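The values are calculated or read from the model by the stated rules, or taken from the named source; none is laboratory data. Predicted model only: the values in this text are computed from it and were never measured. Backbone-built Cβ (ideal geometry, glycine too); neighbour counts: all protein chains shown. The protein model used for the area step is the full one, side chains on, heavy atoms only, and it has no ligands, DNA or RNA in it. Shrake-Rupley method; radii C 1.70, N 1.55, O 1.52, S 1.80 Å.
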Amino acid sequence: MRSTPTKLDRRQFLKFAGVTGAVIVPTLLGYDLLRNAKGELPPNLSPYAPVEMMKSWPSAPTEASPILLLINEHSDNPFGAYLTEILRAEGLNLFQVARLSDLGDVPLDWYDLVLVAEGPLNNGQADLLENYVAKGGRLVAMRPDMRLASLFGVKALAGSSAEGYVQVEATHPVGQGIATETLQFHGTADHYRLAGAQAVAWLASDADTATDFPAVTLHHYGQGQAALWAFDLARNVAYTHQGNPAWVNQERDGFDFVRIPDMFKSWVDLDRLAIPQADEQQRLLANLLTSMSQGARPLPRLWYFPGDAESMLIATSD
(Lines give C-alpha, C1' and ligand atoms only; values in the text may rest on other atoms or scores of the structure.)
Protein backbone atom coordinates (compact mmCIF):
# COMPACT_ATOMS: atom_id res chain seq x y z
CA MET A 1 0.00 0.00 0.00
CA ARG A 2 1.37 3.38 -0.96
CA SER A 3 1.91 5.63 2.04
CA THR A 4 0.24 9.00 2.32
CA PRO A 5 2.74 11.77 1.41
CA THR A 6 3.72 14.25 4.07
CA LYS A 7 3.32 17.90 3.15
CA LEU A 8 5.61 20.61 4.51
CA ASP A 9 4.93 24.27 4.13
CA ARG A 10 7.79 26.63 3.30
CA ARG A 11 8.52 27.61 6.90
CA GLN A 12 8.60 23.97 8.00
CA PHE A 13 10.95 23.12 5.14
CA LEU A 14 13.28 25.98 6.03
CA LYS A 15 13.32 24.85 9.66
CA PHE A 16 14.00 21.25 8.61
CA ALA A 17 16.75 22.24 6.17
CA GLY A 18 18.39 24.47 8.77
CA VAL A 19 19.17 21.65 11.19
CA THR A 20 22.23 20.73 9.15
CA GLY A 21 23.99 23.83 10.44
CA ALA A 22 25.77 24.35 7.14
CA VAL A 23 27.70 27.58 6.72
CA ILE A 24 27.99 28.74 3.12
CA VAL A 25 29.93 31.78 1.97
CA PRO A 26 27.65 33.92 -0.24
CA THR A 27 30.38 34.36 -2.85
CA LEU A 28 29.78 30.74 -3.84
CA LEU A 29 26.26 31.66 -4.89
CA GLY A 30 27.42 33.63 -7.91
CA TYR A 31 28.58 36.92 -6.43
CA ASP A 32 32.26 37.71 -6.02
CA LEU A 33 34.57 40.12 -4.26
CA LEU A 34 35.19 42.35 -7.27
CA ARG A 35 32.40 44.80 -6.44
CA ASN A 36 32.58 48.47 -5.67
CA ALA A 37 31.20 50.12 -2.54
CA LYS A 38 27.66 49.98 -3.97
CA GLY A 39 27.90 46.24 -4.52
CA GLU A 40 28.06 46.63 -8.31
CA LEU A 41 30.05 44.41 -10.63
CA PRO A 42 32.54 46.04 -12.99
CA PRO A 43 31.17 46.59 -16.52
CA ASN A 44 31.13 43.55 -18.81
CA LEU A 45 31.84 41.14 -15.93
CA SER A 46 29.21 38.44 -15.60
CA PRO A 47 28.89 36.50 -12.33
CA TYR A 48 27.75 33.47 -14.27
CA ALA A 49 29.46 30.95 -16.47
CA PRO A 50 30.35 32.25 -19.94
CA VAL A 51 27.56 31.95 -22.50
CA GLU A 52 28.43 30.40 -25.83
CA MET A 53 27.74 32.82 -28.64
CA MET A 54 27.11 31.69 -32.18
CA LYS A 55 30.38 31.53 -34.06
CA SER A 56 28.64 32.06 -37.40
CA TRP A 57 25.16 32.97 -38.49
CA PRO A 58 22.83 30.33 -39.93
CA SER A 59 23.18 29.84 -43.66
CA ALA A 60 19.50 29.00 -44.13
CA PRO A 61 16.22 29.71 -42.31
CA THR A 62 15.96 26.06 -41.28
CA GLU A 63 19.17 26.44 -39.24
CA ALA A 64 17.77 29.28 -37.14
CA SER A 65 16.24 28.50 -33.75
CA PRO A 66 12.77 29.84 -32.92
CA ILE A 67 14.28 32.28 -30.38
CA LEU A 68 17.28 34.60 -30.79
CA LEU A 69 18.70 36.18 -27.63
CA LEU A 70 20.71 39.37 -28.17
CA ILE A 71 23.12 40.34 -25.40
CA ASN A 72 24.62 43.81 -25.22
CA GLU A 73 28.24 43.22 -24.29
CA HIS A 74 28.71 46.95 -23.75
CA SER A 75 25.90 47.24 -21.21
CA ASP A 76 26.76 47.99 -17.59
CA ASN A 77 24.23 45.32 -16.61
CA PRO A 78 26.10 42.01 -16.17
CA PHE A 79 22.95 39.87 -15.96
CA GLY A 80 21.90 39.78 -19.62
CA ALA A 81 23.42 36.35 -20.15
CA TYR A 82 21.34 35.00 -17.26
CA LEU A 83 18.33 35.06 -19.58
CA THR A 84 19.72 31.84 -21.04
CA GLU A 85 19.31 30.16 -17.65
CA ILE A 86 15.75 31.44 -17.36
CA LEU A 87 14.87 30.06 -20.79
CA ARG A 88 16.38 26.68 -19.95
CA ALA A 89 14.64 26.58 -16.58
CA GLU A 90 11.33 27.12 -18.35
CA GLY A 91 12.03 24.35 -20.86
CA LEU A 92 12.56 26.74 -23.79
CA ASN A 93 15.82 25.21 -24.96
CA LEU A 94 15.68 26.03 -28.68
CA PHE A 95 17.40 29.40 -28.75
CA GLN A 96 20.58 30.92 -30.11
CA VAL A 97 22.66 33.70 -28.54
CA ALA A 98 24.35 36.57 -30.33
CA ARG A 99 25.98 39.90 -29.54
CA LEU A 100 23.89 42.99 -30.08
CA SER A 101 26.87 44.63 -31.79
CA ASP A 102 26.50 42.05 -34.59
CA LEU A 103 22.85 42.94 -35.17
CA GLY A 104 23.56 44.39 -38.60
CA ASP A 105 24.69 40.96 -39.81
CA VAL A 106 21.83 38.98 -38.27
CA PRO A 107 19.22 37.43 -40.60
CA LEU A 108 16.51 38.61 -38.21
CA ASP A 109 13.66 37.55 -40.48
CA TRP A 110 14.66 33.93 -39.94
CA TYR A 111 13.82 34.13 -36.23
CA ASP A 112 10.27 33.95 -34.91
CA LEU A 113 11.12 35.63 -31.59
CA VAL A 114 13.91 38.02 -30.63
CA LEU A 115 14.67 38.57 -26.94
CA VAL A 116 16.88 41.58 -26.16
CA ALA A 117 18.75 41.93 -22.87
CA GLU A 118 18.91 45.30 -21.14
CA GLY A 119 21.25 47.82 -22.69
CA PRO A 120 21.38 50.93 -24.90
CA LEU A 121 20.88 50.87 -28.66
CA ASN A 122 22.22 53.08 -31.42
CA ASN A 123 19.97 54.47 -34.13
CA GLY A 124 20.84 51.75 -36.60
CA GLN A 125 20.06 48.96 -34.15
CA ALA A 126 16.76 50.61 -33.18
CA ASP A 127 15.76 50.88 -36.84
CA LEU A 128 16.60 47.23 -37.53
CA LEU A 129 14.47 46.01 -34.62
CA GLU A 130 11.59 48.28 -35.57
CA ASN A 131 11.66 47.05 -39.18
CA TYR A 132 11.82 43.45 -37.98
CA VAL A 133 8.62 43.85 -35.96
CA ALA A 134 6.85 45.85 -38.67
CA LYS A 135 7.41 42.98 -41.12
CA GLY A 136 5.94 40.39 -38.76
CA GLY A 137 8.65 39.71 -36.18
CA ARG A 138 8.07 39.30 -32.46
CA LEU A 139 10.27 41.25 -30.07
CA VAL A 140 10.63 41.12 -26.28
CA ALA A 141 12.99 43.55 -24.54
CA MET A 142 14.17 44.06 -20.98
CA ARG A 143 14.12 47.77 -19.99
CA PRO A 144 14.34 48.75 -23.65
CA ASP A 145 16.01 51.83 -25.01
CA MET A 146 13.61 54.78 -24.68
CA ARG A 147 13.81 55.49 -28.42
CA LEU A 148 11.72 52.34 -29.01
CA ALA A 149 8.80 53.53 -26.87
CA SER A 150 6.43 53.94 -29.85
CA LEU A 151 7.31 50.45 -31.08
CA PHE A 152 6.13 49.06 -27.74
CA GLY A 153 2.99 51.20 -27.68
CA VAL A 154 3.98 53.21 -24.61
CA LYS A 155 5.04 56.72 -23.72
CA ALA A 156 8.21 57.01 -21.68
CA LEU A 157 7.89 59.15 -18.56
CA ALA A 158 10.38 60.72 -16.22
CA GLY A 159 11.04 58.78 -13.05
CA SER A 160 11.40 55.15 -12.06
CA SER A 161 10.63 52.72 -9.24
CA ALA A 162 13.22 50.74 -7.33
CA GLU A 163 12.71 47.66 -5.17
CA GLY A 164 8.96 47.60 -5.74
CA TYR A 165 6.24 45.15 -6.59
CA VAL A 166 4.56 43.92 -9.74
CA GLN A 167 1.01 42.60 -10.14
CA VAL A 168 -0.05 40.47 -13.08
CA GLU A 169 -3.22 41.49 -14.91
CA ALA A 170 -5.44 38.53 -14.09
CA THR A 171 -7.76 39.17 -17.05
CA HIS A 172 -4.98 39.03 -19.65
CA PRO A 173 -4.44 35.62 -21.32
CA VAL A 174 -0.67 35.84 -20.77
CA GLY A 175 -1.24 36.15 -17.02
CA GLN A 176 -3.29 32.99 -16.73
CA GLY A 177 -1.90 30.61 -14.10
CA ILE A 178 0.36 33.25 -12.51
CA ALA A 179 -0.11 34.32 -8.89
CA THR A 180 -2.47 37.28 -8.65
CA GLU A 181 -0.84 38.67 -5.49
CA THR A 182 1.69 41.47 -5.82
CA LEU A 183 5.20 40.06 -6.31
CA GLN A 184 8.46 41.70 -5.33
CA PHE A 185 10.98 42.78 -7.90
CA HIS A 186 14.56 43.84 -7.28
CA GLY A 187 16.20 46.46 -9.44
CA THR A 188 14.84 49.54 -11.19
CA ALA A 189 11.67 49.80 -13.27
CA ASP A 190 11.11 52.60 -15.79
CA HIS A 191 7.82 54.49 -15.82
CA TYR A 192 5.55 54.46 -18.87
CA ARG A 193 2.02 55.32 -19.88
CA LEU A 194 0.08 53.05 -22.19
CA ALA A 195 -0.18 54.47 -25.71
CA GLY A 196 -1.83 51.59 -27.55
CA ALA A 197 -0.23 48.65 -25.77
CA GLN A 198 -1.99 46.12 -23.54
CA ALA A 199 -0.90 45.86 -19.92
CA VAL A 200 0.12 42.33 -18.96
CA ALA A 201 1.27 43.43 -15.49
CA TRP A 202 1.40 46.63 -13.44
CA LEU A 203 3.92 48.16 -11.07
CA ALA A 204 2.95 48.58 -7.42
CA SER A 205 4.72 50.92 -5.04
CA ASP A 206 4.27 48.47 -2.18
CA ALA A 207 2.48 45.20 -1.52
CA ASP A 208 -0.93 46.89 -1.34
CA THR A 209 -0.66 50.00 -3.53
CA ALA A 210 -1.05 49.64 -7.28
CA THR A 211 0.13 52.30 -9.73
CA ASP A 212 -0.86 53.32 -13.26
CA PHE A 213 2.58 52.37 -14.59
CA PRO A 214 2.71 49.14 -16.63
CA ALA A 215 5.36 46.57 -15.73
CA VAL A 216 4.90 44.26 -18.74
CA THR A 217 3.18 45.24 -21.98
CA LEU A 218 2.23 43.69 -25.31
CA HIS A 219 1.65 45.70 -28.48
CA HIS A 220 0.73 44.91 -32.08
CA TYR A 221 2.95 46.94 -34.39
CA GLY A 222 2.71 46.60 -38.14
CA GLN A 223 2.46 42.90 -38.85
CA GLY A 224 4.31 41.90 -35.70
CA GLN A 225 4.26 42.21 -31.92
CA ALA A 226 6.50 43.90 -29.37
CA ALA A 227 6.56 43.36 -25.59
CA LEU A 228 8.57 45.11 -22.92
CA TRP A 229 9.51 44.57 -19.29
CA ALA A 230 9.87 47.82 -17.39
CA PHE A 231 12.54 46.19 -15.20
CA ASP A 232 15.23 43.65 -15.98
CA LEU A 233 13.82 40.20 -15.28
CA ALA A 234 17.25 38.58 -15.32
CA ARG A 235 18.65 40.83 -12.58
CA ASN A 236 15.45 40.44 -10.57
CA VAL A 237 15.47 36.63 -10.68
CA ALA A 238 19.16 36.48 -9.75
CA TYR A 239 18.72 38.92 -6.86
CA THR A 240 15.61 37.13 -5.61
CA HIS A 241 17.35 33.76 -5.58
CA GLN A 242 20.76 34.92 -4.34
CA GLY A 243 20.11 37.94 -2.13
CA ASN A 244 21.40 41.49 -2.09
CA PRO A 245 24.93 41.64 -3.59
CA ALA A 246 25.69 44.74 -1.52
CA TRP A 247 25.59 42.51 1.56
CA VAL A 248 28.22 40.00 0.43
CA ASN A 249 30.29 38.70 3.35
CA GLN A 250 28.36 40.75 5.92
CA GLU A 251 26.96 39.27 9.12
CA ARG A 252 23.46 40.75 9.34
CA ASP A 253 21.07 38.29 11.01
CA GLY A 254 22.51 38.37 14.54
CA PHE A 255 24.03 34.88 14.44
CA ASP A 256 27.69 33.96 14.31
CA PHE A 257 29.37 33.38 10.96
CA VAL A 258 28.41 34.62 7.52
CA ARG A 259 25.50 32.54 6.31
CA ILE A 260 23.02 32.51 3.45
CA PRO A 261 20.27 34.22 5.53
CA ASP A 262 22.51 37.30 5.90
CA MET A 263 21.89 38.03 2.20
CA PHE A 264 18.11 37.92 2.64
CA LYS A 265 17.39 39.72 5.92
CA SER A 266 14.94 42.56 5.11
CA TRP A 267 15.28 41.57 1.44
CA VAL A 268 12.30 39.25 1.04
CA ASP A 269 8.72 40.15 2.00
CA LEU A 270 7.85 37.45 4.54
CA ASP A 271 4.17 37.82 3.68
CA ARG A 272 5.05 36.56 0.20
CA LEU A 273 7.27 33.74 1.42
CA ALA A 274 4.81 31.06 0.33
CA ILE A 275 4.97 32.26 -3.29
CA PRO A 276 7.97 31.32 -5.48
CA GLN A 277 8.13 34.89 -6.73
CA ALA A 278 11.08 34.58 -9.10
CA ASP A 279 9.64 31.40 -10.62
CA GLU A 280 6.26 33.06 -11.14
CA GLN A 281 7.83 35.99 -12.95
CA GLN A 282 10.05 33.91 -15.22
CA ARG A 283 7.02 31.74 -15.95
CA LEU A 284 5.23 34.91 -17.02
CA LEU A 285 8.01 35.40 -19.58
CA ALA A 286 7.49 31.84 -20.80
CA ASN A 287 3.74 32.51 -21.12
CA LEU A 288 4.50 35.67 -23.08
CA LEU A 289 6.90 33.95 -25.48
CA THR A 290 4.49 31.06 -26.00
CA SER A 291 1.59 33.42 -26.68
CA MET A 292 3.58 35.57 -29.10
CA SER A 293 4.80 32.52 -31.02
CA GLN A 294 1.27 31.58 -32.07
CA GLY A 295 0.97 31.79 -35.83
CA ALA A 296 4.68 31.08 -36.30
CA ARG A 297 6.51 27.78 -36.00
CA PRO A 298 5.57 25.71 -32.95
CA LEU A 299 7.69 26.70 -29.95
CA PRO A 300 8.90 23.43 -28.38
CA ARG A 301 8.97 23.34 -24.59
CA LEU A 302 10.20 20.65 -22.24
CA TRP A 303 7.91 19.71 -19.39
CA TYR A 304 10.06 19.99 -16.30
CA PHE A 305 7.95 17.87 -13.93
CA PRO A 306 8.46 14.10 -14.16
CA GLY A 307 5.37 12.37 -15.54
CA ASP A 308 5.90 8.95 -14.00
CA ALA A 309 7.43 9.80 -10.61
CA GLU A 310 5.63 8.47 -7.53
CA SER A 311 6.76 11.42 -5.45
CA MET A 312 8.55 14.70 -5.86
CA LEU A 313 10.28 17.20 -3.56
CA ILE A 314 10.48 20.79 -4.77
CA ALA A 315 12.98 22.80 -2.72
CA THR A 316 11.84 26.35 -3.40
CA SER A 317 14.11 28.01 -0.85
CA ASP A 318 17.52 29.09 -2.20
Problem - Subset of region 269-297 [free of Cβ contacts under 8 Å to residues at least 12 places away in the same chain and in a loop (DSSP other than H, G, I, E, B)] - result: Gln294, Gly295
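Condition check ((1) in contact with a helix residue (DSSP H, G or I) (Cβ under 7 Å, 6 or more places away or on another chain); (2) in contact (Cβ under 8 Å) with a residue 60 or more places away in the chain; (3) on the phi < 0 side of the Ramachandran plot) across all residues:
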position: Leu100; (1), (2), (3): yes, no, yes
position: Ala158; (1), (2), (3): no, no, yes
position: Phe185; (1), (2), (3): yes, yes, yes
position: Asp190; (1), (2), (3): no, no, yes
Practice task
For region 103-137, enumerate the residues that are in a helix (DSSP H, G or I), of a type in the set (D, E, K, R) and crowded, with 20+ Cβ neighbours inside 10 Å.
Solution key: Glu130
Problem - Inter-residue pairs, beta-carbon under 7 Å, first at positive phi and in region 301-318, second assigned to a loop (DSSP other than H, G, I, E, B) and modelled with pLDDT of 70 or more, 6+ apart - result: none
Exercise for the section: Could you check Ser266 against (1) part of a helix (DSSP H, G or I); (2) surrounded by fewer than 19 Cβ atoms within 10 Å (Cβ to Cβ) and say which number it fails? Expected result: (1)
Problem - Within region 57-74, tally of residues that are under 23 Å from Asn122 (Cα atoms) and out of contact with any helix residue (DSSP H, G or I) (no Cβ under 8 Å at 6 or more places or on another chain) - result: 0
Problem - Evaluation of Ala246 against (1) open to solvent by less than 60 Å² (accessible area, probe 1.4 Å); (2) out of contact with any Leu (no Cβ under 6 Å at 6 or more places or on another chain); (3) assigned to a strand (DSSP E or B) (one fails), failing number - result: (3)
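Among the residues of region 208-242, what is the count of those that are part of a loop (DSSP other than H, G, I, E, B), touching a residue at least 40 places away in the same chain (Cβ under 8 Å) and surrounded by fewer than 24 Cβ atoms within 10 Å (Cβ to Cβ)?
Of the residues in region 208-242, 2 are part of a loop (DSSP other than H, G, I, E, B), touching a residue at least 40 places away in the same chain (Cβ under 8 Å) and surrounded by fewer than 24 Cβ atoms within 10 Å (Cβ to Cβ).
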Handout entry: Residue pairs meeting the criteria (Cβ under 8 Å; at least 6 apart or on separate chains; first open to solvent by 10 Å² or more (accessible area, probe 1.4 Å), in region 138-152; second part of a strand (DSSP E or B) and of a type in the set (Phe, Trp, Tyr))
Key = Arg143/Trp229; Ala149/Tyr192
Handout entry: Every residue from region 142-191 that is among the hydrophobic types (A, V, I, L, M, F, W, C), outside any loop (DSSP other than H, G, I, E, B) and more than 18 Å from the chain's Cα centre (by Cα)
Key = Met146, Leu148, Val154, Ala156, Leu157, Ala158
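Table: residues versus (1) touching a Cys at 6+ places or on another chain (Cβ under 9 Å); (2) open to solvent by 20 Å² or more (accessible area, probe 1.4 Å); (3) at pLDDT 50 or above; (4) part of a loop (DSSP other than H, G, I, E, B).
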site: Leu33; (1), (2), (3), (4): no, yes, no, yes
site: Lys38; (1), (2), (3), (4): no, yes, yes, yes
site: Pro43; (1), (2), (3), (4): no, yes, no, yes
site: Ser46; (1), (2), (3), (4): no, yes, no, yes
site: Met53; (1), (2), (3), (4): no, yes, yes, yes
site: Leu69; (1), (2), (3), (4): no, no, yes, no
site: Glu73; (1), (2), (3), (4): no, yes, yes, yes
site: Asp76; (1), (2), (3), (4): no, yes, yes, yes
site: Tyr82; (1), (2), (3), (4): no, yes, yes, no
